[in-house]
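Since the structure comes first, as structure tokens, the remarks are kept for the end.
The values are calculated or read from the model by the stated rules, or taken from the named source; none is laboratory data. Everything numeric in this text was worked out from a predicted model, so none of it was measured. Note: ideal-geometry Cβ built from the backbone for every residue, glycine included; neighbour counts use all protein chains shown.
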Amino acid sequence: MVKTLLSLLMLCAFSGIGHAQLIPDLKKYKTTTAKLEALATLCDTLYQREEYDQVKTVSHYAYSIIPANNYYYLSIFDFNLGVAFEYQRARGADSSLYYLEKSVANARKAKSPARVREALSRLMYINSNMAGRAAQSKEILKEILGIIDTTRSEKDKVKLYVAVSSYYSLLGQYETQIKYLLASITSMKKLIENGQIKDRELIVADIMNLSELYISLNQPEKGLYYSLEARKYIVRNKTFLSHHYKDMTDVYLSMENIEKAKVYYDSVANMIDPTNRSDRSRSNKISIDLGFADYYLTKKQPDSARIYMSRANKLAEKWANNYLMSQVTYMNGEVYMAQKEYQKALPLLKASEPFCKEWAREIYVELLRSLAKCYAGTGQWQLANNYYEKYIPLRDSLYTEASKKSIADAEALYQNKDKQQQIEIKNLQIDEARQQRIWLISGLSFLASSLVLLGIIYRNKKKNAEILDEKNREMAKLIRELEEANLTKAKLFSIISHDLRSPISQVHQFLKLQQLNPKLLNETQKAELSDKIQLATGSLLETMEDLLLWSKTQINQFKADIQPVEVMQVTDQCLKLLQLNIESKKIQIDNNIPGKLMVETDPYYLQAIVRNLLQNAIKAADENSLISLKLNGSETYKILSIENTGPAFSQETYQHILSQKDGNQGLSGLGLRLVDELSEKTGLKIRFENPSENVTRALVEF
């Protein structure tokens, strides 16, 4: 008890000394706000140095000068304390949660959306890392996704995308993690391109994270792509450049391209500045030394791994932080174990056990197996059995989690195993070839010459075949175009001849009647007839000009040109053209089509359809009967109806005519075939119905 009390007293004494030295002179700042800004800036600097105890000291001092109702700065220093405890995870996970929740609450009171977003992002990450907090982290995720959907600021979205990406990373849902990381990168690129963000290097960290994620998923090709993408945005930041060289080393180690990996290894080593104590290149150098050591261990070359570990140890002794030093310790233990120096490996592996258990679950599983082997190697069978019993359920748990990963991750894993098998097969083939190369060198040379010659012959034949095939494709295309053009011209002539035959025939009959029986009509009737003929021929001429003009546009391809069309204008033009036919049977027209009512269709196609339906209606109608035209429906659905009395024409008859091979049976043959084809091309639907026994109603549905 006395020792504990003395320790506490000494701690307080040292804290007081550190406090006095750490807090800057704030007398030069005239306002409390200015003082708090200076302390917040100091905390940012301390974060960069990873001096988290000092961050807590400064934050606690800030509490002493913050007014009780200044929720904005309370939120800032709550946040600083929460993050400081987070980075000292083993010493304060609960404290981190407490302060971050306070930061969110105070940010809401301060009505500061920026502070709320930042605190929520960190709080979501903390909850995801803590057992039993999955529900809380999901609630925060839901709120953050809502902010993303409603905020207009692309800069704010970028930060939130990164936070959501980190959340899914902890869940092992890599496909979703990549989705949000790509969203962040895409938004950041747009902001850089349009000048809203001047510092191009702000995007580098996100692209590097994406590259490293693909490397960890055994997809080095994608990792290489994004690492090179990140390099395009690095301008002056030497830390980023050093980290890029490290990522490139990891990529090529993953690809087993050891020569290229060594090139980038040297690039990192050459960037170390002995005069710069905060140079991050040292940490990157230690990391890639560990990467090379791990690579050679997988190749069962522990002596080569020991070379790189000696380099890592030399730097780590002075420059590695606790996190990196734990990795160095673990890898030293693995190398000694691979060399079967179990007595040296055991203390190192045991020393790294807390780190692996806390931060790297997959490595922790491998560590348990290594400890079991080491204890077995030293004859401590009970301890070996104990660690092996810990290893089995954790290994099975990892396998279960791996089976729940996304399809993309499973596919990448399969591809990686397949590549590894291919490499092993190739290595066996190389070994066999080396054993036989003395006896087969001459034969291989001859075979190579023969293959080259055959390759040249094959290449020339293939080239000629490709040229001939291309010419054949061009010829087939021309033939198809010619057939389509001929078919189109035939259709156009059919439409023109069919639609104009009836009006021209009627004009001809009237002229013939006037010529053969000039005394049959008095002068008044002759004048009226002349006016009607003139009106009909004028309408006929106008229709011919429209048809000919339209046929020129359709000469090479028979395609509809959908546009707004006034229905009344189309029906009026068709009625004028067929006026003589109408009057010859003394038919009354009840045109109830309202003016200015528009539909979306091809005007020429619609004219041809209406002309044919009207001709059929006039032909079938009784003398002195009535033909009604109506347009009903809503904004999105309209029906044009043409109703006449006379012999009924049903939908079954219409379908029967369309099904006949020989359609050249007057209007009810060719005309209805044209109506069906044109309506299909414009998306219209033609139906016939019979409201009563001797009534036919043709419907055009838009």
Report task. Taking Lys189 as the residue in question, decide whether it is in a helix (DSSP H, G or I) and within 20 Å of Pro113 (Cα to Cα). Result -> no
Report summary line: When restricted to Leu46, Leu81, Leu97, the only residue assigned to a helix (DSSP H, G or I), without any contact (Cβ under 8 Å) to a residue 40 or more places away in the chain and surrounded by 23 or more Cβ atoms within 10 Å (Cβ to Cβ) is Leu81
Requested in this report: Output the residue which, of all residues in segment 572-592 that are β-branched (Val, Ile, Thr) and modelled with pLDDT of 90 or more, is farthest from Ser679 (Cα to Cα).
Outcome: Ile587
Query raised in the report: Is there a residue being more than 21 Å from Val695 (Cα to Cα), in contact with a strand residue (DSSP E or B) (Cβ under 7 Å, 6 or more places away or on another chain) and not in a helix (DSSP H, G or I) anywhere in segment 600-609?
Result: yes
Query raised in the report: Among the residues of segment 264-299, which ones are out of contact with any helix residue (DSSP H, G or I) (no Cβ under 8 Å at 6 or more places or on another chain), β-branched (Val, Ile, Thr) and part of a helix (DSSP H, G or I)?
Result: Thr298
Query raised in the report: Inside segment 107-125, can you point out the residues that are under 28 Å from the mean Cα position of the chain (by Cα) and either closer than 17 Å to Tyr168 by Cβ or of a type in the set (D, E, K, R) (or both)?
Result: Arg117, Glu118, Leu120, Ser121, Arg122, Leu123, Met124, Tyr125
Report task. Go through (1) within 35 Å of the chain's Cα centre (by Cα); (2) of a type outside the set (Asp, Glu); (3) surrounded by fewer than 21 Cβ atoms within 10 Å (Cβ to Cβ) one by one and return the number of the condition Asn70 breaks. Result -> (1)
Query raised in the report: Only one of Ser128, Ser137, Ser153, Ser112 is touching a Phe, Trp or Tyr at 6+ places or on another chain (Cβ under 8 Å) and either of a type outside the set (Ser, Thr, Tyr) or free of Cβ contacts under 8 Å to residues at least 40 places away in the same chain (or both); which?
Result: Ser137
Query raised in the report: Taking helices (runs of 4 or more DSSP H) that fall entirely within segment 321-378, which contain at least 1 residues that are under 39 Å from the mean Cα position of the chain (by Cα) and polar (S, T, N, Q)?
Result: 322-338
Query raised in the report: Is there any pair with a first residue in segment 56-71 that is within 22 Å of Ser95 (Cβ to Cβ) and free of Cβ contacts under 8 Å to residues at least 60 places away in the same chain and a second that is part of a loop (DSSP other than H, G, I, E, B) and of a type in the set (Gly, Ala, Ser) whose Cβ atoms are under 7 Å apart and which are 6 or more apart or on different chains, and what are they?
Result: Tyr71/Ala110
Requested in this report: Kindly indicate which of Glu680, Glu689 is surrounded by fewer than 22 Cβ atoms within 10 Å (Cβ to Cβ) and modelled with pLDDT of 90 or more.
Outcome: Glu689
Query raised in the report: Out of curiosity, is Glu583 assigned to a helix (DSSP H, G or I) and either touching a residue at least 40 places away in the same chain (Cβ under 8 Å) or hydroxyl-bearing (Ser, Thr, Tyr) (or both)?
Result: yes
Query raised in the report: Among the residues of segment 105-117, is any modelled with pLDDT of 85 or more and under 30 Å from Lys357 (Cα atoms)?
Result: no
Query raised in the report: In segment 354-399, what residues are among the small types (Gly, Ala, Ser) and either modelled with pLDDT of 80 or more or surrounded by 16 or more Cβ atoms within 10 Å (Cβ to Cβ) (or both)?
Result: Ala360, Ser370, Ala372, Ala376, Gly377, Gly379, Ala384
Report task. Return the total of residues in segment 145-161 being surrounded by fewer than 20 Cβ atoms within 10 Å (Cβ to Cβ) and either closer than 13 Å to Leu120 by Cβ or not basic (Lys, Arg) (or both). Result -> 11
Report task. Mind listing just one residue for me: the one in segment 165-179 that is touching a helix residue (DSSP H, G or I) at 6+ places or on another chain (Cβ under 6 Å) and either modelled with pLDDT of 90 or more or of a type in the set (S, T, N, Q) (or both) and, of those, farthest from Ala205 (Cα to Cα)? Result -> Thr176
Query raised in the report: When the residues of segment 118-138 are filtered to those that are assigned to a helix (DSSP H, G or I) and exposed (fewer than 13 other Cβ atoms within 10 Å of the Cβ), which remaining residue is modelled with the lowest pLDDT?
Result: Ala134
